Amino acid sequence: MPTLEPPHSGWDLAFKSLTVENHLDLDPTMEFLGGSGDDWASEFLAVQLHDSVPREVRRLFAVARGVLLYGCFFYPLYALGHAQIHRVAEAAVVHKCQSMGDGRKRKFRPALDWLIKRGVIPEADRTKWDLAVDVRDSTSHPKDQYQLPPGFALTILKGTAQDINRLFA
């Protein structure tokens, strides 16, 4: 994932240095992207999982979405939420396996393969799901803090929600 150079002088970490005085202020990086915190909050909160999705997965999703929602105050949260949403996808895949009677404790890729083999996830969607596994792996073991824009994070959130909803439709 790309890292960003400091957009403002004095940011030795390349992102907003949090203080008691500024922690509730919109992150200055958001100035470049337009829209208000409320605009972004509306977009993120509109993304929902169906009630048919297991409660545990919906809880994980709500936290990942919440982290993304607060990215407007601390821009690196978009990257953290992005990483977490792929862990939610993993939890959904594992829950689906278990709900189908697979009692083994599977990791993401083997669980994914198991569902594809049974036609639960179409073979045509393998590339998309494989990418989710790869991103989950790379973001779980970062060497540096990466950054990404909220629009990209929102797109991933929407796509992941659709995929999870289809798993439990």
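Placing a label point 7 Å from the Cα of R118 along the Cα-to-Cβ direction, the residues of segment 27-71 with a backbone N closer than 17 Å are 53-54.
Among E56, E90, a tally of other beta-carbon atoms within 10 Å of each Cβ gives an order, fewest to most, of E56, E90.
Between 0 and 90 degrees, the angle of helix 126-140 with respect to the longest Cα principal axis of the chain falls at about 50 degrees.
Each Cα pair under 8 Å and six or more residues apart adds its sequence gap; the mean of these over the residue count of the chain is a relative contact order of 31 percent. Relative to one another, the C-alpha centroids of segment 18-64 and segment 89-131 are positioned 27 Å apart.
Computed from the C-beta positions of Q98 and D137 and an R0 of 25 Å, the FRET efficiency is 0.70 to the nearest 0.05.
A simple charge model with +1 on the Cβ of Lys and Arg, -1 on the Cβ of Asp and Glu and nothing else charged puts the dipole of the chain at about 1180 debye relative to its Cα centre. Which of the aspartates and glutamates could be linked to K143 by a straight reach, that is with a Cα gap under 19 Å, when you skip same-chain ones fewer than 8 residues away? By straight Cα distance, K143 reaches E5, D12, D134. If a spin label sat at a point 7 angstrom from the Cα of V63 along the line to its beta carbon, no backbone N atom of segment 131-161 would be nearer than 15 Å. Which residue, L131, L49, L148, has the most motion in a Gaussian network model of the chain that connects Cα atoms within less than 10 Å? Taking springs between Cα atoms under 10 Å, the residue moving most is L131.
Computed from the coordinates by the stated procedures, all read-outs in this text should not be read as laboratory data. Predicted model only: the values in this text are computed from it and were never measured. Note that each Cβ is placed from the backbone with ideal geometry, even for glycine, and that neighbours are counted across all protein chains shown.
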